[in-house]
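First comes the structure, then the notes that go with it.
The values are calculated or read from the model by the stated rules, or taken from the named source; none is laboratory data. As the structure is a prediction and not an experimental result, all values here were calculated from the model. Every residue, glycine among them, receives a Cβ derived from its backbone with ideal geometry; neighbour counts consider all protein chains shown. Keep in mind that these areas ignore ligands, DNA and RNA; they rest on the heavy atoms of the full protein, side chains included. Shrake-Rupley method; radii C 1.70, N 1.55, O 1.52, S 1.80 Å.
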Amino acid sequence: MAADKKPLDLSSLVIPQHVAIIMDGNGRWARRRGLPRAAGHRAGAENLRRIINACVEFGIKILTIYAFSTENWGRPEQEIKALMKIFARVLDQEIDDLHAQGVCLHHLGELTGISPSLQEKVRRAIDLTKDNDRLILNVAFNYGGRAEILHAVKHMVADGIEADDLTEELFNSYLFTSGLPDPDMVVRTSGELRISNFLIWQAAYAEYYPTPALWPDFGREELYEAIVAFNQRERRYGVLPE
Ligand code: FPP
């Protein structure tokens, strides 16, 4: 453990198996420093590395991050380009380390619409890491919850599934998260209190954890505090406590 890492007591905590994060506040982080928005996204990407390390350290098995939504195409072209560049750079520069760390990369969303070279990088990274099982990293990129549901329904119709045969389990198997457990906790940084079309089916019973920290400032200790808060929640799934 690095000398500057604060010791954190995890012994009495239930560790959520699947944590999902809406990484919000990069723009504000940059503005407060008089920097361009892209600098905030770069700081956000660096922070993602810290959070992946913390997830591995804490024993979280699945991390899902909202990196680029179907609605983010409406941002200025320059910002979209910067985000694509950051994603490509992370795939080029970090994938070998992530692979060595036992991270298995999944993509949630549609690859169509993304440049062919970035699509190729994503496919190669997925293939390289497919047998890893220390941490599943779902990157929601060109992802929207409504688009995901429509995508699932279209495929079910194409497969000729009858209404009577439709179950929640079958529906789950058509989502981008097929085969994975639902998120236990959804973190949203930067103080916003919206779901913003993120995992709207899968997070039906997730515990929401909004935090005022801007994404580049949401580090290992802040993730630990989120887990502590998660442990104070009573998960009832609509039934009465025993
Ligand atoms: C929201 O902050 C953040 C995003 C739309 C992009 C998130 C992307 C990263 C953290 C880059 C790294 C991602 C990968 C997959 C390598 P905002 O721009 O809406 O912030 P604001 O609300 O303060 O303007």
Residue under evaluation residue 142, criteria (1) at positive phi; (2) in a loop (DSSP other than H, G, I, E, B); (3) not hydrophobic (A, V, I, L, M, F, W, C), criterion not met: (2)
Residues of region 73-85 classified as open to solvent by less than 30 Å² (accessible area, probe 1.4 Å) and near the ligand (Cβ under 9 Å from one of its atoms), total: 2
Filter pass, residue 46 being assigned to a helix (DSSP H, G or I) and either of a type outside the set (A, V, I, L, M) or over 30 Å from residue 10 (Cα atoms) (or both): yes
Subset tally (residues that are over 24 Å from residue 47 (Cα atoms) and either among the basic types (Lys, Arg) or surrounded by 19 or more Cβ atoms within 10 Å (Cβ to Cβ) (or both)) for region 178-226: 2
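Condition check ((1) within 30 Å of residue 131 (Cβ to Cβ); (2) more than 12 Å from the ligand (Cβ to nearest atom); (3) touching an Asp or Glu at 6+ places or on another chain (Cβ under 8 Å)) across all residues:
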residue: 18; (1), (2), (3): yes, yes, yes
residue: 27; (1), (2), (3): no, no, no
residue: 48; (1), (2), (3): yes, no, no
residue: 65; (1), (2), (3): yes, no, no
residue: 87; (1), (2), (3): yes, no, no
residue: 91; (1), (2), (3): yes, no, no
Selection count where residues are within 16 Å of the ligand (Cβ to nearest atom) and assigned to a loop (DSSP other than H, G, I, E, B), scope region 145-176: 1
Region 105-161, residues that are of a type in the set (Asp, Glu) and either over 18 Å from the mean Cα position of the chain (by Cα) or surrounded by 13 or more Cβ atoms within 10 Å (Cβ to Cβ) (or both): 110, 120, 127, 131, 148, 159
